[in-house]
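Contents: one structure, followed by commentary.
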Amino acid sequence: MADLFNEDLELMDTKNKIIAVAIEQFSDQGYDNTSIRKIADIVGIKGSSIYNHFNSKEEILEEIFKYYRNLFYQMGDVFEIKEVPLIDLKEDKILYILKGGFDSVINILKRPEMINILKIIIKEQFKNQKIRNFFLEEFIDKPRKVMEKLMKELMDKGIIREGNPYLYSQEFQAFAIYKMYEEFMLKDVEYIDIDDIEIQINHHIDFFWNSIRK
């Protein structure tokens with residue numbers, strides 16, 4: 001799939017134009033309020049021509065999810081924690097690992113199309129089961145399982161205080177979820193102060209680490 005951030009809409013092939021327009025329309029108008037015909041009109045094709053590329057609007061949504069996953073996994077190390085050997089880890093390395101997951105969040109916020117996808121996910125999850133399942137899997141379950149594994153291993157090695165790894169992982173993850181709702185649901189603003197969010201994330205990580213380390 002093309003990079004929708006770095007490629008001009010007019011230079012994209014038809015399939016990627018459909019995806020790019022759908023992201024913008026789903027974000028601005030809502031998934032239910034966006035019709036196949038509306039997407040086709042903006043792309044500059046007949047409504048029936050979309051079915052040469054996608055069988056349904058739901059299939060377009062699936063392709064948007066695929067685009068998000070591919071870019072997210074390229075942008076940070078959040079799911080690589082399980083590959084890191086934890087023997088004799090120094091504090092600066094542990095902090096580097098903890099901050100690695102949030103690097104993806106910061107990089108995502110630098111891309112307009114990813115911001116629009118986040119708006120779709122945050123706003124539409126209450127009305128659309130498929131979007132809700134995507135949110136639960138990608139934003140809740142996967143990061144929590146990785147962080148829970150890390151917390152357990154750090155406990156077993158006596159690096160952090162004894163406790164419940166599941167609760168530790170929830171505490172660590174909660175700030176990112178809170179910020180997403182604050183920025184995309186409560187504020188609903190066009191401009192996002194990425195530098196300020198990065199400062200807040202670093203403060204959160206430092207506070208979390210100082211609370212659990214021995």
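The values are calculated or read from the model by the stated rules, or taken from the named source; none is laboratory data. Since the structure is predicted, the reported quantities are computational estimates derived from the model, not experimental observations. Backbone-built Cβ (ideal geometry, glycine too); neighbour counts: all protein chains shown.
Here are a few things to note about the model shown:
- Residue list for region 87-131, filter: among the acidic types (Asp, Glu) and either touching a residue at least 24 places away in the same chain (Cβ under 8 Å) or outside any helix (DSSP H, G or I) (or both): Asp88, Glu91, Asp103, Glu113, Glu124
- Asn107 meets the stated requirement of being polar (S, T, N, Q), at pLDDT below 90 and in the same structural domain as Tyr178 (by TED's automatic domain parsing).
- Filter pass, Lys66 being of a type in the set (Lys, Arg), surrounded by fewer than 18 Cβ atoms within 10 Å (Cβ to Cβ), at pLDDT below 75 and not in a loop (DSSP other than H, G, I, E, B): no
- Residue tally, condition assigned to a helix (DSSP H, G or I) and either loosely packed, with under 12 Cβ neighbours inside 10 Å or not assigned by TED's automatic domain parsing to the domain that holds Asp103 (or both), over region 158-174: 1
- Some residue of region 110-125 being at pLDDT 80 or above and either outside the structural domain of His204 (by TED's automatic domain parsing) or in contact with a Lys or Arg (Cβ under 7 Å, 6 or more places away or on another chain) (or both): yes
- Any hit, region 175-198, residues being on the phi > 0 side of the Ramachandran plot and either in a loop (DSSP other than H, G, I, E, B) or not β-branched (Val, Ile, Thr) (or both): yes
- Picking from residues in region 199-214 that are surrounded by 16 or more Cβ atoms within 10 Å (Cβ to Cβ) and in contact (Cβ under 8 Å) with a residue 40 or more places away in the chain, the one that is farthest from Met151 (Cα to Cα) is Ile201.
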